[in-house]
Amino acid sequence: SVNLDENPADGNISFDTVGGFSQPTSDLITIDGEVIVRQGSRTVENNNSTSINQANDTVLLDGDVIFREPGVLLRGNSAFVDNATNQSRIENAQYVLHNYGAHGQAASVVYSTDSGLVTIENGEFSRCEPDSNFWRLEANNIILNQQEGRGYARAVSLKLKDVPIFYYPFTLPFPLGDERMSGLLAPSAGSTRSGGFDFTLPYYLNLAPNYDATLTPRLISDRGVLASAEIRYLANWSMNTLNMSNLDNDKLYDASTANLLGSDSPPREHRWFIGYEHFGSLGRNWSTFVDYNEVSDDDYFYDLGSTGLNVASRTNLNQQARLNYQGRNLRAGLNVQRTEIIDPFIPDSSLSKPFDRLPQFFFDTDVDLVGGFRLSLAGEVTSFDRDLDESLLSATSLSNGALVDGERANLEPALEWSLEAPGWFVRTSAKYKYIGYKLQNQAAGTVDDPDTGVGVYSFDSGLVFERQMRLGGGAFTQTLEPRLYYLYSEFEDQSLLPVFDSSELSFSFNQLFRDDRFSGGDRIGDADQVTFALTSRILDEVGRERARFSLGQINYFEDRLVGLSNPLQTWQTRSSPLASRSSLAGEIGYAFGDRWRVNTDVQWNEDTEEIEEGSFQFRYRADNDHLFNISYRFRSILTTNPAFMVPASIDPRIKQTDVSGIWPLAGNWKLLARWNYDHSNSRNLESFAGVEYSNCCATIRIIGREWVDEDELFLPNIKPNRGIFVQFTLNGLGNITGGGLSNLLSDGIPGASDDDY
């Protein structure tokens, strides 16, 4: 073993050898056998022949060469190291970049120590596990820039196993890690009945650290090319996003059928969307919010929303700007809001069209007093307006106030007192609710400045009893929690007041303890009633709820006389105001260990001896690959807007089952499925089924889906939409196709919370 140093005082290069070496002739040293060359953190190993040229400061190695630096491993059958330029070239190479989990092989690899640049000639790139090259990029030239965190491949093909599935003849940029970079993003592909083949290829522009843009051309074979752009800007006090889309000429447009419900023709030939969202923070107490959206036509989102995978209803668009103040004892704000209806069943002349708030000022403040008392004051002043086509309204509607608008003031001072201790609580409240108007175009025979004020008083009390118990060898705590809630609200005739933003709240167990049965500010419900409720829970030894049973009912001492009806509209209320008691409202929840869970709620009408509303949910979840859900929802009582007419051939009662799950099949395969069925009208609302293949470095999904759009739910004998969608997710490279499938699965299968969904 011999150690040689070049310029020992500098300690630049040292050699450890086993075998023979020749004495230097001029500036050349030749070593036969095993050799290790060290320079700082760099190590080069060779088992055959090594030549060191001291004059040129180079090393030539021929044999089984291993090159190491922090984060880099290179292997090959020969190497040339140029210390002057800090570059190394390895032939017939294999490489590993540990910081990015990247590896591959190549005809040659050139590595620069100074810049960390890796140049690969006639080679490949993959981020799979080393023993599983499920996917790889092959290219004539690949440059991996570790400082930028990105790679560039020229004349590149993507292969799954040994099958090429994509070829790009130009330079394709791709990320090495999580850093942002300009370039093509993963395309998505699908096929639907209403649009045909659908292909999207986004291009991302990393313009600056605080703003970027994504340009997205989208080919829809039966419609044309939709061009979209998303621009994001991050200021030191706000976050802003602008979205724009445009389709100049929808090829499915047919002027003769454009306005027929259920037609394949869109309402307009030129289709577009614009959306702007803003969140801001001004100092410590002030914040701003803007949400503005507008589309060309009502069917835009159903036809063009998200490659046939839109699973959320879009029947309205929000157009809102808001300024908020949040202090210790004062909260206030200024709000401007308009809701654009994009539901084809609600025409521009519909009396159910929501009012605009132009503007709305609101505030609330409170202060704690001595002895458990709290004093609060809340209020708002709102200007309401809406644009209806007067020519489409009848004389009766106009006389009854169809064009009413104006200002409304709400004021609510309250004095509350509470006393709580382990095992019991008492809470009381006294409020005065005031409503005042200044109206224009009100109903004939009504005043333009009506007002009303109502006192509201409540008393709420409860007890909590506990006992220890053992079940199945485990220690548990059972509670018994009786609760009594009394509510009194004076009656004031409100039948001549307009309805700007009020509606009747859905009845449930939690509704038993509210001090008003209406939302909004146009109605104050009258009440003289008491609620009796009982809840029992079973808690495990760490306090987790394993079971819950709740049952309650309201007993009415007086008939409820206040409703939503006014001269303009007669609303259908949820239950009879003459009943002496409400439906029995109950909830049951039970957890079978950590995997099984059952939840159910029901409302039983004792007078009719019928279930008015109920639901049942059962879930089994062992892990992300073993998930099963089944639920049933029933509702026979209808609370409807009188301006909205359901066709006689459609049963509006709700009787729906929803079954979904994720389950392994064999090996790396698993099943993904959902079936949402409407028993009232004997039809599928949505069903999809597919399979997923996944391994350590890739996930592949194929899904077939049939669904009914939200705007077609009340059309008889409508043909369902159908589509087939494919998704390739390559770990370390991203979604190659069908990224929208992730939203479909997470929204359609409750509990599918894995990052892949």
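Roll a 1.4 Å probe over the protein heavy atoms and report the accessible area of residue 608 in Å², nearest 10.
Probe radius 1.4 Å; accessible area of residue 608 about 80 Å².
Taking the alpha-carbon distance from residue 251 and a cut-off under 17 Å, which aspartates and glutamates remain once sequence neighbours fewer than 8 residues away in the same chain are dropped?
Cα-Cα hits under 17 Å: 198, 222, 264, 269, 297, 299, 303.
Please express the Cα-Cα pair-distance distribution P(r) of region 58-170 as a list of whole percents, one per 5 Å bin, running from 0 to the bin with the greatest distance.
Histogram of Cα-Cα distances, whole percents per bin: 2, 12, 23, 25, 20, 11, 5, 2, 0.
Which value in deg cm²/dmol, rounded to the nearest 500, describes the helix-derived mean residue ellipticity at 222 nm for the chain, given -39,500 (n - 2.57) per DSSP H run of n ≥ 4 and division by the residue count?
-500 deg cm²/dmol
From the phi angles alone, apply the Karplus equation (6.51, -1.76, 1.60; θ = phi - 60°) to region 127-137 and give each ³J(HN,Hα) in whole Hz, x where the residue is Gly or Pro.
10, 6, 4, x, 8, 9, 7, 5, 10, 7, 9
Send over a whole-number figure in Å² for the accessible area per residue of region 420-568, probe 1.4 Å. Could you put the intermediate results ahead of the total?
Details: 7260 Å² over 149 residues.
Each residue of region 420-568 exposes 49 Å² on average to a 1.4 Å probe.
Each residue of region 745-750 in turn: what ³J(HN,Hα) in whole Hz from Karplus with 6.51, -1.76, 1.60 and θ = phi - 60°, glycine and Pro shown as x?
6, 5, 7, x, 10, x
Let me cross-check residue 244: its accessible surface, 1.4 Å probe, with only protein heavy atoms counted, in Å² to the nearest 10?
Ignoring ligands and nucleic acids, residue 244 comes out at about 70 Å².
Taking a temperature of 25 °C and a viscosity of 0.890 mPa s, what whole-number D in µm²/s does Stokes-Einstein yield for the chain with Rh from Kirkwood over alpha carbon pairs?
Estimated diffusion coefficient is 76 µm²/s.
In the chain, if the dipole is taken from +1 on Lys/Arg beta carbons and -1 on Asp/Glu beta carbons about the Cα centre, which of 519, 354, 141 is farthest to the positive end?
Among 519, 354, 141, the one farthest towards the positive end of the dipole of the chain is 519.
Could you run the Karplus curve 6.51 cos²θ - 1.76 cosθ + 1.60 with θ = phi - 60° over region 483-489 and give me ³J(HN,Hα) per residue in whole Hz, x for Gly and Pro?
Whole-Hz 3J(HN,Hα) from phi for region 483-489: 9, 10, 9, 10, 9, 10, 9.
How large a share of the accessible area of the chain, in percent, is made up of carbon and sulfur atoms when the probe is 1.4 Å and the other protein chains stay in place?
Working: 19880 of 37350 Å².
About 53 percent, which is the carbon plus sulfur part of the accessible surface.
Among the lysines, select those whose C-alpha is under 23 Å from the C-alpha of residue 353, and discard any that sit fewer than 8 residues away in the same chain.
438
So what's the projected area for region 450-608, the Cα convex hull averaged over all directions, in nm²?
Here the figure is 11.7 nm², rounded to one decimal.
Rank 584, 203, 403 by how far each Cα sits towards the positive end of the charge dipole of the chain (+1 on Lys, Arg Cβ; -1 on Asp, Glu Cβ) and give me just the farthest.
Among 584, 203, 403, the one farthest towards the positive end of the dipole of the chain is 584.
Mean separation of Cα pairs under 8 Å and 6+ residues apart, divided by the residue count of region 522-599: what relative contact order is that in percent?
31
Reachable lysines from residue 159, Cα under 28 Å, same-chain residues fewer than 8 places away excluded?
Within the straight-line limit of under 28 Å, residue 159 reaches these lysines: 670.
Can you sort 416, 129, 124, 466 by 1.4 Å-probe accessible area, starting with the largest?
Largest to smallest exposure gives the sequence 466, 129, 416, 124.
Hey, what's region 78-142 come to in accessible area per residue, 1.4 Å probe, Å²?
Details: 2610 Å² over 65 residues.
With all protein chains present, region 78-142 gives 40 Å² per residue.
The values are calculated or read from the model by the stated rules, or taken from the named source; none is laboratory data. It should be emphasised that the depicted structure is a prediction, and the values quoted were computed from it without experimental measurement. Backbone-built Cβ (ideal geometry, glycine too); neighbour counts: all protein chains shown. When the accessible area is computed, the model is the full protein with side chains, heavy atoms only, and any ligands, DNA or RNA have been set aside. Shrake-Rupley method; radii C 1.70, N 1.55, O 1.52, S 1.80 Å.
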